[in-house]
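Remarks on the structure that follows.
The values are calculated or read from the model by the stated rules, or taken from the named source; none is laboratory data. Everything quoted here is computed from the prediction, not taken from an experiment. Cβ sites come from the backbone with ideal geometry, for glycine too, and all protein chains shown count toward neighbours.
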């Protein structure tokens, strides 16, 4: 009668559980993928209402009038207020239950809203700011 043995001998003669080996390999792959993803810049470009292209180090967006803005920080965020204005941050930004916008004080920092509706941030939570936004026209390849 055939008996399935879930363990086999590795190169050093020790018994190895295949599921443990798979978990280790998947953990290493996941770590490397997260590390590589964190190194990627979040630069962005957007066209304003007239068709002019603007680019920034971080995320870009247009306000309610169609003007283009970008976060001036690498992996920085940009978010619309309830009045249709843009505010930027060094890291991700989020709204609390009162509609106030807070951003992480760290470049590329994370933001999440907790169960109570308060914004939680990597580093400190600071208000989103227009001064963290930029309006830089993209250069052209045309001569």
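In the range 52-63, is there at least one residue being modelled with pLDDT under 95, part of a loop (DSSP other than H, G, I, E, B) and out of contact with any strand residue (DSSP E or B) (no Cβ under 7 Å at 6 or more places or on another chain)? No: the range 52-63 contains no residue that is modelled with pLDDT under 95, part of a loop (DSSP other than H, G, I, E, B) and out of contact with any strand residue (DSSP E or B) (no Cβ under 7 Å at 6 or more places or on another chain). Among all positions in the range 128-142, there is at least one residue which is closer than 25 Å to residue 53 by Cβ, in a loop (DSSP other than H, G, I, E, B) and out of contact with any strand residue (DSSP E or B) (no Cβ under 9 Å at 6 or more places or on another chain). For the range 64-73, the candidate set comprises residues that are touching a helix residue (DSSP H, G or I) at 6+ places or on another chain (Cβ under 8 Å) and either without any contact (Cβ under 8 Å) to a residue 12 or more places away in the chain or not in a strand (DSSP E or B) (or both); within that set, the residue that is surrounded by the most Cβ atoms within 10 Å (Cβ to Cβ) is 73. The condition (being crowded, with 17+ Cβ neighbours inside 10 Å and closer than 11 Å to residue 133 by Cβ) is satisfied by just one residue among 76, 108, 94: 76. The one condition from (1) in contact with a strand residue (DSSP E or B) (Cβ under 6 Å, 6 or more places away or on another chain); (2) at pLDDT 95 or above; (3) surrounded by fewer than 16 Cβ atoms within 10 Å (Cβ to Cβ) that residue 87 does not meet is (3). Limited to the range 101-124, what total is found for residues that are within 18 Å of residue 59 (Cβ to Cβ) and part of a strand (DSSP E or B)? Residues meeting the conditions: 8.
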